[in-house]
Amino acid sequence: MTDQPVASTEPAPSAAPHQDAPHPLRSVYTSNLPGLFDQLGISLVVTTYQAGKVILIRKEGDGLNTHFVAYQKPMGLAADNGRMAIGSGNSIWLLHNMPAVAPKLEPLGQHDACYLPRRVHVTGDIDIHELGWGKGEELWFINTRFSTLCTLDDISSFVPRWRPRFVSALAPEDRCHLNGLCVRNGQPKFVTALGETDTPGGWRANKKDGGLLINVARNEIVLRGLSMPHSPRLYADRLWLLESGQGTLATVDVKPGSWQTVATLPGFTRGIDFVGPLAFIGLSQVRESAVFSGIPLIERQPERVCGVWVVNIQTGETVGFLRFEEGVQEVFAVQVIPARFPAILDWGDERLKTSYALPDEAMKEVKMTR
């Protein structure tokens, strides 16, 4: 690891982490992270359903700024420089970046992106897990309660498009705990599930090593024997996934049906994004509850942490981390944003009243005012 962490409450030299001022949602981070964010020109968006927040992690001055926006049970996240989708307790929020709003936010001149809510689609409580953008404005999402992969239309709560062949019916019974989703070139490629089961909550009986990776197009199981897998991703000509029950990052060789651990981390791994040779991985403390008892991570790592770990995917080494000290115990999604200091305006923000987005043709007729 490039920066060895040392507990500190003050801005520290290069070998020590920085700690935010006392706050109910406190975090510490290795001091190399602000420079890394600056070098890459990025920020992070993180969801935590346990704390009910969407978190923006941004470089500010010589440190990192963690900005929290309240959402009801936010989980799945799909974001890029132009749009963002957030799966919440009973709905999906669709936001768009309006760059013209960003310079008007305080402190003036600091923000370079601003995501405003445009639509909210009420799905009902379907336990939405990972999301991914398809072609155009199509959004794919995991409907865990109904064990199905879905999209949206203007009328339906959700549109079922695919489910594992071993799930015999569409029912709100969480039969296999479908959870992770990989979308590539506008199409879903892989999903993960916690069990090859077709009974209500049946996956719970063998969560230790009953996990699956499934090829969506072929509806074929690629891997069995995984421990609570999550977050399949295609990146740098390789297939990656998080074996959450082991607390690891792994690569998959599809043809022989095998996987290899790249990094072992001190928490329940869930949520990942990549930039260059780096992976930004969400870690959760997870409680020793009925859901998480008996998994290898609990036995290996009695004290688990929550935050975002940065791993070099070529070496498996930890480059740096941001660790939540209070208030946040579980992370679901981690997404890199190609903006240095983005903002999210929530539904009650007064600035929504005077922020207008118009079609290009209509903009030609707008009288500009100062």
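The values are calculated or read from the model by the stated rules, or taken from the named source; none is laboratory data. None of these values were measured; they are calculated from a predicted model. Cβ atoms come from the backbone with ideal geometry, glycine included; neighbour counts cover every protein chain shown.
Quick notes
- Residues (surrounded by 19 or more Cβ atoms within 10 Å (Cβ to Cβ) and small (Gly, Ala, Ser)) located in segment 203-221: Gly210, Gly211
- When each of Arg224, Arg204 is tested for being assigned to a helix (DSSP H, G or I), in contact (Cβ under 8 Å) with a residue 24 or more places away in the chain and in contact with a Gly (Cβ under 9 Å, 6 or more places away or on another chain), the lone residue that passes is Arg204.
- Qualifying residue in segment 86-98 (condition: within 29 Å of Arg58 (Cβ to Cβ), outside any strand (DSSP E or B) and not polar (S, T, N, Q)): yes
- Residue match in segment 160-178 (condition: of a type outside the set (D, E, K, R), part of a strand (DSSP E or B), in contact (Cβ under 8 Å) with a residue 24 or more places away in the chain and buried (at least 19 other Cβ atoms within 10 Å of the Cβ)): yes
- Cβ-Cβ distances below 6 Å connect no pair with a first residue in segment 262-281 that is farther than 20 Å from Pro302 by Cα, a second residue that is of a type in the set (Lys, Arg) and outside any strand (DSSP E or B), and a separation of six or more residues or different chains.
- Looking across segment 311-334, the residues that are closer than 25 Å to Pro277 by Cβ and either touching a helix residue (DSSP H, G or I) at 6+ places or on another chain (Cβ under 7 Å) or in a loop (DSSP other than H, G, I, E, B) (or both) come down to Ile313, Gln314, Thr315, Gly316, Glu317, Gly320, Leu322, Val331, Phe332.
- Qualifying residue in segment 240-250 (condition: in contact with a His (Cβ under 6 Å, 6 or more places away or on another chain) and farther than 15 Å from Thr144 by Cα): yes
- Residue pairs meeting the criteria (Cβ under 6 Å; at least 6 apart or on separate chains; first more than 16 Å from Asn65 (Cα to Cα), in segment 98-111; second at pLDDT 90 or above and assigned to a loop (DSSP other than H, G, I, E, B)): Ala102/His111; Ala102/Asp112
- Flag for Ala51 being part of a strand (DSSP E or B), among the small types (Gly, Ala, Ser) and under 22 Å from Ser231 (Cβ atoms): no
- Restricting segment 72-84 to residues that are in contact (Cβ under 8 Å) with a residue 24 or more places away in the chain and out of contact with any Phe, Trp or Tyr (no Cβ under 7 Å at 6 or more places or on another chain), the residue that is nearest to Phe158 (Cα to Cα) is Leu77.
- Qualifying residue in segment 222-233 (condition: in contact with a His (Cβ under 6 Å, 6 or more places away or on another chain) and surrounded by 15 or more Cβ atoms within 10 Å (Cβ to Cβ)): no
- Residue tally, condition assigned to a strand (DSSP E or B) and over 18 Å from Ala171 (Cβ atoms), over segment 142-155: 1
- The residue that is surrounded by the fewest Cβ atoms within 10 Å (Cβ to Cβ), among those in segment 272-304 that are under 17 Å from the mean Cα position of the chain (by Cα) and aliphatic (A, V, I, L, M), is Val275.
- Matching entry among Leu40, Leu25 (being out of contact with any Leu (no Cβ under 6 Å at 6 or more places or on another chain), over 19 Å from Phe280 (Cα atoms), in contact (Cβ under 8 Å) with a residue 40 or more places away in the chain and among the hydrophobic types (A, V, I, L, M, F, W, C)): Leu25
- Given (1) touching a strand residue (DSSP E or B) at 6+ places or on another chain (Cβ under 8 Å); (2) over 18 Å from Ser91 (Cα atoms), number of the condition Arg175 does not satisfy: (1)
- The condition (being in contact with a Lys or Arg (Cβ under 9 Å, 6 or more places away or on another chain), surrounded by fewer than 20 Cβ atoms within 10 Å (Cβ to Cβ) and farther than 18 Å from Thr192 by Cα) is satisfied by just one residue among Glu325, Glu330, Glu317: Glu325.
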